[in-house]
1. Nearest 5 is fine: what % of DSSP beta bridges in the chain come out antiparallel, could you say?
2. Could you provide, to the nearest whole Å², the per residue accessible area of the range 32-143 with probe 1.4 Å?
3. With every protein chain left in place and a probe of 1.4 Å, what is the accessible surface of Lys360, to the nearest 10 Å²?
4. Once the Cα atoms of helix 183-192 and of the chain are each reduced to a long axis, what angle between those two axes, in degrees from 0 to 90 to the nearest 10, is obtained?
5. Which percent of Cα-Cα pairs in the chain sits in each 20 Å bin, short to long?
6. Note the angle between two axes, namely the Cα long axis of helix 342-352 and the longest principal axis of the Cα atoms of the chain, as a number of degrees from 0 to 90, rounded to the nearest 10.
7. Expressed as a whole percentage, what fraction of the accessible surface of the chain belongs to carbon and sulfur atoms when a 1.4 Å probe is rolled over the protein heavy atoms?
8. Counting other Cβ atoms within 10 Å, keep those with at most 14, restrict to DSSP loop, and tell me which trypsin sites (Lys or Arg not before Pro) in the range 217-287 are left.
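The values are calculated or read from the model by the stated rules, or taken from the named source; none is laboratory data. Predicted, not measured: the structure shown is a model, and the values here were computed from it. Note that we place each Cβ from the backbone using ideal geometry, even for glycine, and neighbour counts take in every protein chain shown. Protein only, heavy atoms only, side chains kept; ligands, DNA and RNA dropped before computing areas. Shrake-Rupley method; radii C 1.70, N 1.55, O 1.52, S 1.80 Å.
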Amino acid sequence: MRIKSALAAAAIVALAAGCGGGGGGASSGESAKPGEPVKLNFLSLAWQKESVAANKQLVDEWNKANPAIQVTYVQGSWDNVNDQLVTSFEGGDPPDVIHDDSPALSGFASKGYLLDLKDKVPADLKSDIPQPAWDTVTFDDGKGNQGVYGVPFLQESQVIIANKKLLDAAKVRVPTSDNPWTWDEFAEISKKLTKSGAYGVAWPMKSPVNKTLNLALNFGGTFFQTTDGKTTVKVGPEEKQVLQRIHDQLYKDKSADTSALGMGTADPLPGFFAGKYAMLPVGVYLRQQVVEQAPKGFDWVTLPPLKGTTSDQGAVSQTLSVAADSKHPDEALKFISFFLNGPNQAKLAKGDWLLPTSTKAAADPAMTTKENGWDVATASGKNLVVAPFLKVNGFDEWKSKVATPVLQQYYANKISIDDAAAKLVADGNKVLERYQR
């Protein structure tokens, strides 16, 4: 999902400290003594101030209402968490309840580290979360069986953050969730908003893969195909649509600033506030930084996702899982069911500036207010489908060793779209073959 800020050094080592005997609660390898409460360790990767506060508040509420099942909050970090988890899994002392994201679950599931929740999730929680979100946490257990290895609760979509004053001055149609811009409209409006020294759009592409692959679904581009159980890379007309359209904005229309390509997601904000960029296609979470950093009186608006042949976008989920080695899986699931009910998901989504998977949470007034674009952001969740790459064994290596450098070269205009496609396929299939032997 998004790039997470590093926590303080103490938080990085908290997983090791919190999940052992010194964490203040019994580890997953311990049973409660007669007459004592069951003790669970909950590894949280919340890192923003508001999100950490919401997580801790919910844990406190649970502990006050459930004296027989006490939960210890363990602060973890997204930095290297999966390496830390492998160590705790192999040592037989993982947290009972584990916060992670859905791409990480596949490998853990195939190694037997996580409990299959398929027949264990309470009916009210299961029905409150749409099937596309459950698809993000459904994986093969390594033995040919499909299992559910986490409860999905937060997701991210790509929206457009725009300078409202510049849109009004150009007299362009402001899109709605029911009537979004098409990619063609977006291209024309970007050109109209491009003036001397100012650009219609900035595409920060320091990390180009997830953004490109997720947006490619607007035209049915999946980048992977599976035939007879074998997965290969595919870059055909559907996948090339978004690649070509972004490239055209950069070099044909010149409505996108090429100097923004090497930027991280938040790096164009100073230029955005200064009027250098009229629009930024970004993840919904960036709204928080706009709120916090925008100069006084700056008028901005959140615009819905673009539409190609569809408005589909790929999604991954933040998840809560139960360790297979937990001595108290039933109690862990009771805690998860409380933690991720509708009202609580709304609190968690608000704290993280992301989208809840819960349909009840999505209807919460806090999620539908026009303030800070929550209404548009939440509505964009209906377009999220399981990201095709989520099921591809070897994707992480393909992403880092093949796709990232190739897409960076392509967007920098150093190779053609056909050369980029050929490299993504040929070099990518060599990577995937090693994972399918």
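1. Close to 65 percent.
2. Result: 45 Å² per residue.
3. 130 Å²
4. 60 degrees
5. 25, 55, 19, 1
6. 60 degrees
7. Carbon with sulfur: 51 percent of the solvent-accessible area.
8. Hits after loop and neighbour filter: Lys252.
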